[in-house]
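K.L.:
Have a look at this one before I ask anything.
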Amino acid sequence: MIKNIVLFSRTSKKFILCLTDSFLVILALFLSFSLRLGEWYIPSDNIRYIFLIAPFLALIIFSIFGLYHKLIRYLKIETFFSDIKTITIYSFLLGLLIYMSYLDYVPRSVIFLNWIITIILIIGSRLTAKSFLTDKFLNEQKKNIAIYGAGSAGRQLFSALSESDKFTPIAFFDDDLDISYHDLFGVKVYPRQDVDKVIEQKNINEVYIAIPSISPDKKRKIVNYLEKFNIGVKTLPSFSAIADGNISLNDLKDISIDDILGRKRITPIVELLSKNIKNKVVLITGAGGSIGSELARQALRRDAKKIILYEHNESSLYAIDKELNDSRIIPLIGSIHDKKRFAMALKKYKVKTVYHAAAYKHVPLVELNGFEGIKNNFYGTINCVDCSIEEKIETFVYISTDKAVRPTNLMGASKRISEMYIHHASKSAATNFSIVRFGNVLGSSGSVIPLFKEQINNGGPITLTHKNIIRYFMTISEAVELVIQAGAMGENGEIFLLDMGKPVLIEDLAKKMISLSGLKVKDKNNPDGDIEIKVIGLRPGEKLYEELLVDNCAIKTIHPKIMQSQEKIMGIKDYEKLIIDLKASVNSNNISKLKEILSLLIPGLSLSKENNDLLK
């Protein structure tokens, strides 16, 4: 019944409220006379019109002063004070009307009693309605929340949740056995071993991890433990990420895949992080992308003298420039195809270090736009390398990919021949060149994770290209930190490999993301689940797994997470001849010739036989 009333239109609710107030105003007058006279009062003919006028007068006054513009569910104490003022005005005007009507037989105390009783009935009716609407209806809509962590942050979060009409905090979990089964704000604190029982018995919908000081390893263990319950899990960031240290619901974040798949961070070598950045002018191509923007953030933290954000995409450049908001930032709209503009940027700002991150990296798109993929990724890189040599740049770091190893697609092929160009160019240049090769990073634009999140939010299905497909994952910040350190080791076109950790089965990743969203996988064993995982087949040029080495040979470096590849590179004469032939095939839009030349450049290359450009 109450639920149905809440679903009424606003006009219907106002009508019900007006009828209720009209009745209560008449009732207040009746009770005022009865209390004054000491018996149940029946209005006489002379006084009856006062009982008829009172509700009309009340509705007019109440409307003028906004009593019917307020949502009862959200009424606060301050609101009731203003309502009392409105009722006082009504009572005064009603008393004045009685006085001007010369009804001497109406006791003056009735007017005072009417004021008191009307306040009690009108305010009381609204408090009663608010109570019913909140406790009966809204509780059906509220989520039952358990807070993992009964410390200061957990207590602040409890207070914030208690004031919300969407959540009901009904349990604490904490690893501190000294406070197990104690009451906190009337809610019991349970040890970890009771999590299973409490989640089931109390019908917990979500668990919020409120331990900002928690280590990544411990958070990962808690998250992995909660995963099996198919409930939503959110977490608070570290205290340093919370501006004023006060916890609010806005501080809660969804569990990131980093919390599940991340590794224990290795302490960086500070000298390597600073070598090519501190007090130097740094230029970053593709500065608006996921890797480029993180390079800019870290360069800013490492006290770069100036940072040139070189980006072709205006929107991306605007976003990172606005985020960094620093006088050392120079946002330059420019394409790596424009050799003259790139050279001007190096010369004007006296650039010392270049991080070349600009590339087309979405494999399916490059497969459909093969010529543009080669032009951008390879010839754009040639422009950057040649300009850097001409301007005597100190350090040039090329961001490569694991897809350059035994490539099966044009994107990987374009990156591999770029690696080869840099290797040969470094032999006769004063610039220190290095190549850093790594796999997927969490949350990058080329990662499956943003796609899976979007598909879950849309109700599924999650599209999986193959049940056995695996990928390496690393956080963007860790990858860039390692890129900077690897780049500082380079001198002669070396290829550095980042330790990507253990490979992840993408199907397992999809299942984890579904579970941590509080949903269930829909499959043959669970037809009533929420999100289906649909296998759609490998895309053109896609591998089941990625590699970091062409030849199975790498040596250690001074950093435990960075290795150096020992690979055989085609001789420069053969390479230069094939590059000339490659350019001719691009200029003539000859896709079959392009593939033939690439196969000669990259032994073991295995491209699809399909047409690789939509304009052919």
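K.L.:
Within the stretch 268-278, work out how many residues are touching a strand residue (DSSP E or B) at 6+ places or on another chain (Cβ under 8 Å) and either more than 13 Å from K352 (Cβ to Cβ) or surrounded by fewer than 19 Cβ atoms within 10 Å (Cβ to Cβ) (or both).
P.N.:
Final tally of qualifying residues: 1.
K.L.:
Can you confirm whether the stretch 432-445 contains a residue that is part of a helix (DSSP H, G or I) and touching a helix residue (DSSP H, G or I) at 6+ places or on another chain (Cβ under 7 Å)? Quick ask: steps written out before the conclusion?
P.N.:
Going through the stretch 432-445, the residues part of a helix (DSSP H, G or I) turn out to be none.
The answer is no, given that none of the residues of the stretch 432-445 is part of a helix (DSSP H, G or I) and touching a helix residue (DSSP H, G or I) at 6+ places or on another chain (Cβ under 7 Å).
K.L.:
Inspect all residues belonging to the stretch 388-397 and state whether any of them is more than 22 Å from K556 (Cα to Cα), β-branched (V, I, T), within 30 Å of the chain's Cα centre (by Cα) and not in a helix (DSSP H, G or I).
P.N.:
no
K.L.:
Hey, another quick one. Any idea which of (1) modelled with pLDDT of 85 or more; (2) not in a helix (DSSP H, G or I) is the one K197 doesn't satisfy?
P.N.:
(2) is the only condition that K197 fails.
K.L.:
Counting only residues that are among the aromatic types (F, W, Y) and at pLDDT below 80, how many does the stretch 466-513 have?
P.N.:
Number of matching residues: 2.
K.L.:
Go through the stretch 10-36 residue by residue and tally those that are of a type in the set (S, T, N, Q) and at pLDDT 80 or above.
P.N.:
Qualifying residue count for the region: 4.
K.L.:
Okay, moving on. On the basis of being among the hydrophobic types (A, V, I, L, M, F, W, C) and touching a residue at least 60 places away in the same chain (Cβ under 8 Å), does V385 make the cut?
P.N.:
no
K.L.:
If you go through the stretch 442-460 one residue at a time, do you hit one that is modelled with pLDDT of 85 or more and surrounded by 19 or more Cβ atoms within 10 Å (Cβ to Cβ)?
P.N.:
Of all residues in the stretch 442-460, those modelled with pLDDT of 85 or more come to none.
Checked the stretch 442-460: no residue is modelled with pLDDT of 85 or more and surrounded by 19 or more Cβ atoms within 10 Å (Cβ to Cβ).
K.L.:
Any residue at all in the stretch 62-82 that is of a type in the set (V, I, T), surrounded by 14 or more Cβ atoms within 10 Å (Cβ to Cβ) and either at pLDDT 80 or above or outside the structural domain of C18 (by TED's automatic domain parsing) (or both)? Break it down into steps so the answer makes sense when it comes.
P.N.:
Restricting attention to the stretch 62-82, the residues satisfying the condition of being of a type in the set (V, I, T) are 64, 72, 77, 79.
Going one step further and asking which of them are surrounded by 14 or more Cβ atoms within 10 Å (Cβ to Cβ), we end up with 72, 79.
Next, only the ones that are either at pLDDT 80 or above or outside the structural domain of C18 (by TED's automatic domain parsing) (or both) stay: none.
No, the conditions are met nowhere in the stretch 62-82.
K.L.:
Which one is farthest from the chain's Cα centre (by Cα), of the residues in the stretch 558-576 that are under 20 Å from E481 (Cβ atoms) and assigned to a loop (DSSP other than H, G, I, E, B)?
P.N.:
Restricting to residues being under 20 Å from E481 (Cβ atoms) and assigned to a loop (DSSP other than H, G, I, E, B), the top hit is I558.
K.L.:
Could you list, in sequence order, the residues of the stretch 26-45 that are in a loop (DSSP other than H, G, I, E, B) and out of contact with any helix residue (DSSP H, G or I) (no Cβ under 8 Å at 6 or more places or on another chain)?
P.N.:
As a first pass, look at the stretch 26-45 and keep what is in a loop (DSSP other than H, G, I, E, B): 38-44.
Scanning the stretch 26-45 gives G38, E39, I42, S44.
K.L.:
Moving on to the next point. So, in the stretch 419-441, of the ones that are buried (at least 22 other Cβ atoms within 10 Å of the Cβ), modelled with pLDDT of 85 or more and hydrophobic (A, V, I, L, M, F, W, C), which residue ends up nearest to L451 (Cα to Cα)?
P.N.:
V436
K.L.:
Show the residue pairs that are 6+ apart or on different chains and have beta-carbon atoms under 7 Å apart, the first residue being within the stretch 577-598 and farther than 16 Å from N369 by Cα, the second being of a type in the set (G, A, S) and modelled with pLDDT of 90 or more.
P.N.:
Listed by first residue and then by second, the contacts come to I597/S585.
K.L.:
Check the stretch 389-397 and report whether any residue there is under 30 Å from K305 (Cα atoms) and either in contact with a Gly (Cβ under 7 Å, 6 or more places away or on another chain) or not assigned by TED's automatic domain parsing to the domain that holds K595 (or both).
P.N.:
The answer is yes, given that some residue of the stretch 389-397 is under 30 Å from K305 (Cα atoms) and either in contact with a Gly (Cβ under 7 Å, 6 or more places away or on another chain) or not assigned by TED's automatic domain parsing to the domain that holds K595 (or both).
K.L.:
Just name the residue that is surrounded by the fewest Cβ atoms within 10 Å (Cβ to Cβ) out of those in the stretch 401-413 that are small (G, A, S) and under 32 Å from the mean Cα position of the chain (by Cα).
P.N.:
Step one: filter the stretch 401-413 for residues small (G, A, S), giving 404, 412-413.
Next, only the ones that are under 32 Å from the mean Cα position of the chain (by Cα) stay: 404, 412.
Numbers: A404: 25, G412: 27.
Filtering the stretch 401-413 for residues that are small (G, A, S) and under 32 Å from the mean Cα position of the chain (by Cα), the one surrounded by the fewest Cβ atoms within 10 Å (Cβ to Cβ) comes out as A404.
K.L.:
While we're here: Restrict the check to the stretch 370-383 and report whether at least one residue is farther than 14 Å from L607 by Cα and in contact with a Gly (Cβ under 9 Å, 6 or more places away or on another chain).
P.N.:
Checked against the condition, which is being farther than 14 Å from L607 by Cα and in contact with a Gly (Cβ under 9 Å, 6 or more places away or on another chain), the stretch 370-383 yields no hits at all.
K.L.:
So, one more: Just to be sure I understand the filter: pairs with C-beta atoms under 7 Å, separated by 6 or more residues or on different chains, first member in the stretch 279-300 and in contact (Cβ under 8 Å) with a residue 40 or more places away in the chain and closer than 11 Å to A357 by Cβ, second member surrounded by 21 or more Cβ atoms within 10 Å (Cβ to Cβ) and among the acidic types (D, E). Which pairs pass?
P.N.:
Short answer, once both residue conditions are applied: G286/E311; A287/E311.
K.L.:
Within the stretch 126-156, which residues are among the hydroxyl-bearing types (S, T, Y) and modelled with pLDDT of 80 or more?
P.N.:
The answer is Y148, S152.
K.L.:
Within the stretch 453-489, which residues are β-branched (V, I, T) and in a strand (DSSP E or B)? Reasoning before the result, please.
P.N.:
Residues of the stretch 453-489 that are β-branched (V, I, T), as a first pass: 456, 462-463, 465, 469-470, 475-476, 480, 483-484.
Those that are β-branched (V, I, T) and in a strand (DSSP E or B): I462, T463, I470, T475.
The values are calculated or read from the model by the stated rules, or taken from the named source; none is laboratory data. Small disclaimer: the values here were computed from a predicted structure and weren't measured. All Cβ positions, glycine included, derive from the backbone under ideal geometry; neighbour counts span all protein chains shown.
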